[in-house]
Structure formats: C-alpha cells, structure tokens
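Participant: What follows is a single structure, and I will ask about it in a moment.
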Amino acid sequence: MHQDTPERPSRLVRGTPAFWRLNLALFAAGFSTFAILYCVQPLLPEFSREFQVSAAISSLSLSLSTGLLAVAMLVAGSLSEVWGRKPVMVASLLSSALLTILSALAPDWTSLLVARMLIGITLSGLPAVAMAYVSEEVDPASIGLAMGLFIGGNAVGGMAGRVISGALTDLGSWRLAIGLIGAVGLASALSAWRGLPPSVHFSPRPARPAELLRSFGKHLKEPGLRALFAQAFLLMGGFVTLYNYLGYRLTEPPYSLSQTAIGAIFTAYLIGTLSSAWIGELAGRLGRRRVLWSMIVVMLIGVVLTLFQNLALILAGIVAVTFGFFGGHSIASSWVGSRALTAKAQASALYLFCYYLGSSAIGTLGGVFWTKGGWPGVAGLVTGLLLAALALAIRLTALPPRRADRA
C-alpha cells in the first residue's frame, strides 16, 4: 500500500483484510437496500388481482419508490457531505427496514403506495453515498473491483427479495413475504452498522445550497458525465421494464407459471453478481471504453431471444440481458467516480438520479406498451432504449480522458 498523504492512512487496496471487511459490510448494505426496493416486482400481477388495478397502475408500487429515490438521492448525497458517509447510510437502512414491515400491514392500495413512496425516500441514503464512500476510501487501482462487489451485493439483494416474495406469496401471502423481507432488512442494517469502517479520507463541510447547485451544473456541463448519466437512464429503464412485465407474460397461457416459478427466474441476478465484479475488473485492465459497448450488445441479443415462444430461449435471453446490464452498470458507475474531479458525491447522485428516474418513468411506460402491444411492444421499447445507449457508448470512446480518468 502507498501513502496518499503523510497525515492519513493509505487507501484500501485489494487483498488486504481491511479491504475485504469494507466490501463485506457494503455487500450486506446493498443486499438489504435492493431486497426492500424490488421485493414487489414479482408481485405486480398479484397486486393487479387483489386490488383490481391495471398493469401500469400496479407498477406504481415499484415506480413511485424508484422515482422518489431518484429525487431524494440528490439531497442525501449532500447531507452526507455534512453529517458523514456512514451515519447517513446506517440511518437509511434502518428506517427503510421499519417502513417495509409497516407496508406489509397496509389496509388498502393507497396505503401501500404511500408506504412505498416513503421507502423510496429513506432508501436514498445508501446508493449515492456508497459510491462516493468507495471512491474516497479505496485505492484507484482497486475501485473497479470494489464497486463491482458492491453492485454484486445489490444484485443478490434484488434477487433474494424477488425470489423470497414470490415463494412466500404462494405459501402464504404477499404480506407475509414483504414483512419477512423487512425483518431481513433490520438484520442487514445492524450488520452494516457494526461492520462498516468509519471514513478516514472524508472531511465534513457545512451545507451550502448555492455550492451544491454549482456542483450539479459543473457535472452537467461535462460531455462525458452527461453521456454516463444518460446511460444510467437508458440501461436501467430497459432492464426494469423487461422484468416488470415478464411476470404478466409468463403467468398467462401457454406458460401459466406460479408466483414461486416467476420469483425463481430472478435467480438470473446471480449472473449479475458475477458479471459486475468480473466485468468491473476486466474494464480496469482493458479500459472502460473497450468494454462498455460490448455489454450493451449482449443486452440487445438477450432482448431478441425473449421474442421467441420457447421458454428456454426466453430464459436464456433474460440471463443475457442481466449479464450485460450489471456489467455495463458496474463500468458506468465507477467511471463517474473517476471522471468527476470534484464533488464526487454529487456526481454519483446525478448518475443514480438518472438511473432510478429511468426505472420509474420507463418502468411505468412499459405497462402501456404491454397493454397495447403485448410482449413485442415491450421488447420494441427496450430495443430502442438500448440502441440509444449503444450510440452513446460509441461516442464515449472518442472523448479524451480527464486528469483523474484513466479509462
């Protein structure tokens, strides 16, 4: 390990015990966050049946959470500049877990949506802050792997939340499923509180709204960051839309799959766990410019496969989309941290604002495409988004690197 300054400890490098402790704690935090956020996704057809709402309206149980998460992260990242990274992350995890348990008791559709809206706000304290935390505490040569492992935790949590909710809905009810996920969230929050190391390369500063707006403006003027923010919107919008309406397709004839089977499809997220870490490390060696566009091509191939009627081909397509998405997200998210020369938390917040805005806006828009055009309509929407993302990825290869950007 090398010394960054005479006064501060070296940043954490791959292979050291401190590096792995940090990553295990962040893995648990990401697990909790995304299990809570996405546990409702396989339940959308169930909500349509119980509350007598359309596919697009049912999707609001996820879209409202991700939409408010997108907006709240712009504030949460800035609060962490004042209060510190770890306190904001721990408070986020604990409050979200408690609200999830309460949402399982919601007496009607409106109450459930209100709870999900609040969850979107409280969850915001982890994702944007974690990206800045990693960029500050981890050595630049190890950031790609660290971010890949964190995103892997997100993938496992998102997968577990969906699989558990699908299986427990078949065994009992969706309320039992969501309540149990809230309890798991409490345990993960405790684990993160005890295991997450305090920041040693962070200095708090007073809140200055005008400075915050200037930071946002500076990031939005930089062409490379703008392209990465757009990537977040397009890739996440397409990915969530595909999974949102897959359940509607596969619960209908000729497939007629159960909620447990629909939830089991989300085990494809294990592929995302592997691809995020592997592709993140590969991009660190070969360069992000050489790898990002290839992940989008993999996603496009996967979308084409889902258009076939054969269930095995559909599942192969979902695996390909999942692999490409998590690999691409790992590259783009770490690229933001290195391309932003200052105010990295704000740059991360803008990236994730676009990421979850895509999930919210496109995820609900996909319901209209499903109603009007069935699965070909959904696949056409996602293909258009990915072609736009591919054009941006190719444009990113031509942009010169900034001083701290060795991509």
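Participant: What FRET efficiency comes out for the pair Tyr255/Val53, r = Cβ-Cβ distance, R0 = 22 Å, nearest 0.05?
Facilitator: E between Tyr255 and Val53, to the nearest 0.05, is 0.45.
Participant: While we're looking at this one, here's another question. Considering the options Leu357, Leu399, His329, tell which one lies farthest towards the positive end of the dipole of the chain, charges being +1 on Lys and Arg and -1 on Asp and Glu at the Cβ, about the Cα centre.
Facilitator: The listed residue farthest towards the positive side: Leu399.
Participant: If you rank Arg162, Arg339, Arg290 by fewest surrounding Cβ atoms within 10 Å, what's the result?
Facilitator: By the 10 Å Cβ count, ascending, the order reads Arg290, Arg339, Arg162.
Participant: Tell me, what is the percent relative contact order of the chain, built from C-alpha pairs under 8 Å that lie six or more residues apart?
Facilitator: That works out to 25 percent.
Participant: Using the Cα gyration tensor of region 159-278, with a ≥ b ≥ c the square roots of its eigenvalues, what is the shape: rounded (a/c below 1.5), prolate (a/b larger than b/c) or oblate (neither)?
Facilitator: Judged from the Cα gyration tensor, region 159-278 comes out oblate (a/c at least 1.5, b/c at or above a/b).
Participant: Place +1 on the Cβ of every Lys and Arg and -1 on the Cβ of every Asp and Glu in the chain, take the dipole about the Cα centre, and give the residue among Leu220, Thr16, Val156 whose Cα lies farthest towards its positive end.
Facilitator: Leu220
Participant: Excluding Gln346 itself, calculate the net charge of residues whose Cβ lies under 9 Å from the Cβ of Gln346, where each Lys or Arg counts +1 and each Asp or Glu counts -1.
Facilitator: Value of the local net charge: +1.
Participant: Any idea what Rg and Dmax come out to for the chain if you just take the C-alpha atoms, in Å?
Facilitator: 20.0, 67
Participant: Evaluate the charge dipole of region 159-237 about its Cα centre and quote only its size in Debye, nearest 20, assuming +1 on the Cβ of each Lys and Arg and -1 on the Cβ of each Asp and Glu.
Facilitator: Charge dipole of region 159-237: 360 debye, to the nearest 20.
Participant: Next question, about the same structure. Specify the residue with the greatest mean-square fluctuation among Ala183, Ala130, Ala192, computed from a Gaussian network of the chain linking alpha-carbon atoms under 10 Å apart.
Facilitator: Ranking Ala183, Ala130, Ala192 by mean-square fluctuation puts Ala183 first.
Participant: Restricting to lysine pairs 8 or more places apart or on different chains, what number in the chain have Cα atoms under 28 Å apart?
Facilitator: The number of close lysine pairs in the chain is 4.
Participant: For Cα pairs less than 8 Å apart in space and 6+ apart in sequence, what is the mean separation divided by the residue count of region 39-153, i.e. the relative contact order in percent?
Facilitator: 29
Participant: Given charges of +1 on the Cβ of Lys and Arg and -1 on the Cβ of Asp and Glu, with all other atoms neutral, how large is the dipole of region 76-162 about its Cα centre, in debye to the nearest 20?
Facilitator: Values: 4 positive and 5 negative charges, 49 e Å.
The dipole magnitude comes to about 240 debye.
Participant: Is there a quick way to get the dipole size of region 328-407? I mean about its Cα centre, with the Cβ of Lys and Arg at +1 and of Asp and Glu at -1; what is the value in debye to the nearest 20? The partial results should precede the final answer.
Facilitator: Working: 7 positive and 1 negative charges, 58 e Å.
About 280 debye.
Participant: As a check on your grasp of the helix formula, calculate [θ] at 222 nm for the chain: sum -39500 (n - 2.57) over DSSP H runs of n ≥ 4, divide by the residue count, round to the nearest 500.
Facilitator: Here the helix-only value at 222 nm equals -27500 deg cm²/dmol.
Participant: Could I ask something else about it? Have a look at Val114, Ser96, Met73 and report the one farthest towards the positive end of the charge dipole of region 69-162, computed about the Cα centre with Cβ charges (Lys/Arg +1, Asp/Glu -1).
Facilitator: Among Val114, Ser96, Met73, the one farthest towards the positive end of the dipole of region 69-162 is Val114.
Participant: Then there's this: How much net charge surrounds Ala18 when only other residues with a Cβ under 12 Å from its Cβ are counted (Lys, Arg +1; Asp, Glu -1)?
Facilitator: Once positives and negatives cancel, what remains is +1.
Every number here is computed from the coordinates shown, using simple stated rules; none is lab data. Source: prediction; values computed, not measured. All Cβ positions, even for glycine, are placed from backbone atoms using ideal geometry, and neighbour counts span all protein chains on display.
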